[in-house]
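The values are calculated or read from the model by the stated rules, or taken from the named source; none is laboratory data. Just so it is clear, the structure is predicted and the values come from calculations on it, not from any experiment. Please note: Cβ atoms are built from the backbone with ideal geometry, for glycine as well, and neighbour counts cover all protein chains shown. When the accessible area is computed, the model is the full protein with side chains, heavy atoms only, and any ligands, DNA or RNA have been set aside. Shrake-Rupley method; radii C 1.70, N 1.55, O 1.52, S 1.80 Å.
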Amino acid sequence: MANYFPENFRWGASSSAFQIEGGWDEGGKGMTVADFNSFKRSAVQADSKVASDFYHHWNEDIDLMKEMGMKTYRFSIAWARIIPDGDGEVNEEGVEFYNKVINKLLENGIEPFITLYHFDLPYALVEKYNGWEARDCAYAFAKYAKVCFESFGDRVKFWQVHNEQNLMMRVDERMNITEEDEVKKEKIRAQMDYHMFLAHALATNLCHEIIKDGKIGPAVSSTVTYPMSNKPEDVWSARMNNQFKTDYCLDMHYYGQYPGYYMAYLKEQDMVPVMLEGDEEILKSAKMDFIALNYYRTLTTRYLPADENHPKGKRIEGFNEVDYDMYGYWKIEKNENLKATEYGAQIDPVGLRIVLNEYWNKYHLPLIITENGMGTADVLTEDGKVHDQYRIDYMASHIKAIGDAIEDGVDVMGYCPWSVMDLLSSHQGFKKRYGMVYVNRTDMDLKDLARIKKDSFYWYQEVIKNNGSNL
Ligand code: BG6
């Protein structure tokens, strides 16, 4: 393809702390919500105790990143490694661990791009405050963010606040929502979401105050929805799906207030969060510098009118496939035009071009893709190779879509596919692999944890070397 990628394009790769580090209770680290949940599945699949064991392999892992040619490494810091109980004493050993990682990256010409919070709330904050339900949690986060900016900001200039707030707040396990009463539960969820917005704003302002040349933004789980037909109601449902799943979140970050349709929904459901005087000013003052987006697949929706089985504005228990707004319902349908991965994600590079255009046209902020990849049960051959041509095809088609978006005039500053190496899936163990480096372990057998370069490693190395022009 013609070379649309700018010279300084950030070719990178991604990971997150609980999915890669292991050493879950080493070096003074406290337990996290991510640990707690992964341990519930320990009898049947891998958990976060060892994960990819980056905690002990970071040196050789960064050598591999260098060999691949990565310009940027997007990873997260474990809040509970820095402040084990979430808002108490700073754990210097944790700070030292990340200092070693950051310094080694910089020595190898790789820019660290740090996410502050990737699903791993310190568990102590759940015990103390029921996590994000309490406003104190937002202050605890601001304190933690400040420690990170002060400790690493002399060298790290590029930050993300929360990973996928918009997606995680919908998943009870990630938010540690245990309330069973549906009405109370949704109220708690809305309050937690709000406190995360507040935390985002506090951290954004702190970053700008402490790191003069620092850049910070959110990482959203992007949503691209197609209508099942050209029926206006289906088109509306597709729009609502985007708005309710992602766009309200970006609007909140950008404008510092909920968009009208979202506030109307919160009011109708009687779950407008408690907001204090002065919050609006904080939310509006926090200016994000870029938008990071994670992109895996697209969705398709069909509208369902409200009726006695689907009463307006009421979530139906056990009906995961159906979502609602204050007008009616929509259902996620299969898109017959797309192929899906073995784990069911519908592969759609055009959707990436669409969403890049949309976000750019709406906000005119630089964009970076911080996750994009294919989860598969890769096979290690007897001669120690992983022939993951399917991953190469997936990545090539998505990189081409980024090139198309750049040609459309969109400012895309980088691509960090998921994931730099095999790591623990968010909830499906170790069999589902995303990495360009194979980690030799299975769900229940740690083996030797050796690092083995997959075919995609060598392929991506060439892409980076040629700045994408070889595709
Ligand atoms: C993203 C998360 O939503 O999806 C990652 O940010 C996660 O943490 C990735 O690993 C892939 O999902 P899963 O469930 O296959 O691990």
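Here are a few things to note about the model shown:
Rundown of residues vs (1) within 21 Å of the chain's Cα centre (by Cα); (2) polar (S, T, N, Q); (3) open to solvent by less than 10 Å² (accessible area, probe 1.4 Å), yes/no style:
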| residue | (1), (2), (3) |
| --- | --- |
| 48 | yes, yes, yes |
| 65 | yes, no, yes |
| 86 | yes, no, yes |
| 96 | no, no, no |
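- Of everything in the stretch 163-202 that is crowded, with 18+ Cβ neighbours inside 10 Å and basic (Lys, Arg), the residue that is nearest to the ligand (Cβ to nearest atom) is 174.
- Residue among 43, 51 that alone is assigned to a loop (DSSP other than H, G, I, E, B) and over 29 Å from residue 369 (Cβ atoms): 43
- Any hit, the stretch 128-142, residues being farther than 20 Å from residue 284 by Cβ, assigned to a helix (DSSP H, G or I), of a type in the set (Gly, Ala, Ser) and open to solvent by less than 20 Å² (accessible area, probe 1.4 Å): yes
Let's see how each residue does on (1) touching a helix residue (DSSP H, G or I) at 6+ places or on another chain (Cβ under 6 Å); (2) of a type in the set (Phe, Trp, Tyr); (3) crowded, with 23+ Cβ neighbours inside 10 Å:
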site	(1), (2), (3)
347	no, no, no
354	no, no, no
369	no, no, yes
372	yes, no, yes
384	no, no, no
390	no, yes, no
394	no, yes, no
402	no, no, yes
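- Every pair of residues 6+ apart whose Cβ atoms lie under 6 Å, when the first sits in the stretch 116-143 and is within 16 Å of the ligand (Cβ to nearest atom) while the second is β-branched (Val, Ile, Thr): 116/161; 120/32; 121/33
- Remark: pairs (first residue in the stretch 409-427, under 20 Å from residue 440 (Cα atoms); second residue more than 8 Å from the ligand (Cβ to nearest atom) and among the charged types (D, E, K, R); Cβ separation under 6 Å; 6+ apart in sequence or on different chains) = 422/433.
- Considering each residue of the stretch 74-88 in turn, at least one proves to be within 16 Å of the ligand (Cβ to nearest atom), on the phi < 0 side of the Ramachandran plot and assigned to a loop (DSSP other than H, G, I, E, B).
- Whether a residue is closer than 26 Å to residue 174 by Cβ, at pLDDT 95 or above, among the aromatic types (Phe, Trp, Tyr) and in a helix (DSSP H, G or I) was assessed, and residue 98 passes this test.
- Failed condition for residue 28, given (1) open to solvent by 50 Å² or more (accessible area, probe 1.4 Å); (2) out of contact with any strand residue (DSSP E or B) (no Cβ under 6 Å at 6 or more places or on another chain): (1)
- Looking only at residues of the stretch 260-297 that are under 24 Å from the mean Cα position of the chain (by Cα) and modelled with pLDDT under 95, we find that the one that is least open to solvent (accessible area, probe 1.4 Å) is 262.
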